[in-house]
1. For a quick check: with amide H placed at 1.01 Å from N, whose amide H comes under 5 Å from Cys26's, ignoring anything fewer than 5 positions away on the same chain?
2. Once phi is turned into θ = phi - 60°, what whole-Hz ³J(HN,Hα) does the Karplus curve with 6.51, -1.76 and 1.60 give for every residue of segment 144-157, x standing for Gly and Pro?
3. Treat the count of other C-beta atoms within 10 Å as a stand-in for reagent exposure and order Tyr177, Tyr123, Tyr317 from fewest to most.
4. Could you tell me which of the pairs Lys18/Lys125; Lys18/Lys42; Lys125/Lys343 are separated by over 24 angstrom between their Cα atoms in the structure shown?
5. For segment 77-87, what does the Karplus curve 6.51 cos²θ - 1.76 cosθ + 1.60, with θ = phi - 60°, yield as ³J(HN,Hα) per residue in whole Hz, taken in order and with x for Gly and Pro?
6. Would you mind pulling out the separation of the Cα centroids of segment 62-95 and segment 304-345, in Å?
7. If amide hydrogens are placed 1.01 Å from N in the peptide plane, which non-local residues have theirs closer than 5 Å to the one on His237?
8. Which one, Ala12, Ala77, Ala43, has the greatest fluctuation when you compute a Gaussian network model over the chain with C-alpha springs under 10 angstrom?
Amino acid sequence: MTSRERVEAALAFEPVDKAPLEYHPCGRGLYEHGEAFRRLLKAHPGDFEDFSDMPIPRPPAEACGPDGSYHEYKTDAWGVTWESRIFAMTGHPYRQPLADWRALEGFRCPPHALAEDAAFASYAKRIARVRETRYAKDGWFGFFERMHALRPFEDVLMDVYDNEREINRLADMLVEYELEELRLMCAAGVDAVQFGDDFGTARAMLFSPEVWRSFFKPRYRRLVQFAREQGKAVFFHTCGYAAPILEDLREIGVNAVWPQLTAYDMEELAARLRRLGLACAIHVDRANVMTHGTPADVTRAVHAAAKAFDVMNGGAYFYVETDNGFPLENIRALLEAIGAYRKEA
């Protein structure tokens, strides 16, 4: 099987010769472990875009204190100023342009980077290069995350619950923006697009299923169905417990989910997703196992998940992302354990 055939078989719940493997662009892993980490990535190649040749990131000198501590503020294209204290990891909003709804009247989304002819041509060339040997998935579409970057998190929660006029206006504005982003990305030739919004805590959803279905579902339906109409697969990530909306995600056209496995009974989740026809990203617990566990713990976690999701019979793929503080020996154990499912059948 080629990488594309392998991923497409997994999405269709058909047997695979190897378990598909996806890497996230692992800037933090490269920063902490340098060339040793890069060698591991090259020794265990995946089926999605290859990021093993990414340059090793370095923090700017002005963001580092005399004691080596890191602290930086950056303002993005949306006007959000982010505060970061862990280099190469997402920080937290520090200044938010829509903290006061009065600013909404004059608020405008930034220009689409891919709308520039040169940028689009370069991006399309990159996607074509990926598709020569691998499966090309890209994007990160999630208007809830964008809303609580632009406006304080608690305010957004209350605005949605109260169905405020302004939050509906902002959500619609962001959906229209993302539709254009999707159009450009699909036109460039990607195989699939990635959505991501965190809707759960460790035990329950942030919103009731009824509120989610009223506010979010119709808007996601527009986005997901557009991508599906273009012939693209749709992947959806959501951290925390989101069991009440899994059927909804499948109904609107999502092909695969990347859940936070620790928020579920893994065997029950695997059975439910198989019944629904939702493929699943197998992502080993980062907060505990990968950070504080032993290599043996990591190996056991990989094999337990592979067994629960019956990874060689389709419907699942491995996903690898490195946070700060992952011991190199745990990363090695992770990739070697995944490697047991990457040998030719």
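1. none
2. Once θ is set to phi - 60°, the couplings for segment 144-157 become 5, 4, 5, 4, 8, 7, 6, 9, x, 3, 5, 5, 4, 4 Hz.
3. Values: Tyr177 17, Tyr123 20, Tyr317 29.
Fewest-to-most Cβ neighbours within 10 Å comes out as Tyr177, Tyr123, Tyr317.
4. On the way: Lys18/Lys125 28 Å; Lys18/Lys42 17 Å; Lys125/Lys343 31 Å.
With Cα atoms farther than 24 Å apart: Lys18/Lys125; Lys125/Lys343.
5. 5, 8, x, 8, 9, 9, 9, 10, 10, 10, 5
6. Each part's Cα centre sits 31 Å from the other's.
7. Phe195, Gly196, Asp197, Trp258
8. Ala77
Taken together, the values in this text are just the output of simple stated rules run on the coordinates, not laboratory data. Bear in mind the structure is a predicted one, so any value in this text is a computation, not a measurement. Cβ: placed from backbone, ideal geometry, glycine included. Neighbour counts: every protein chain shown.
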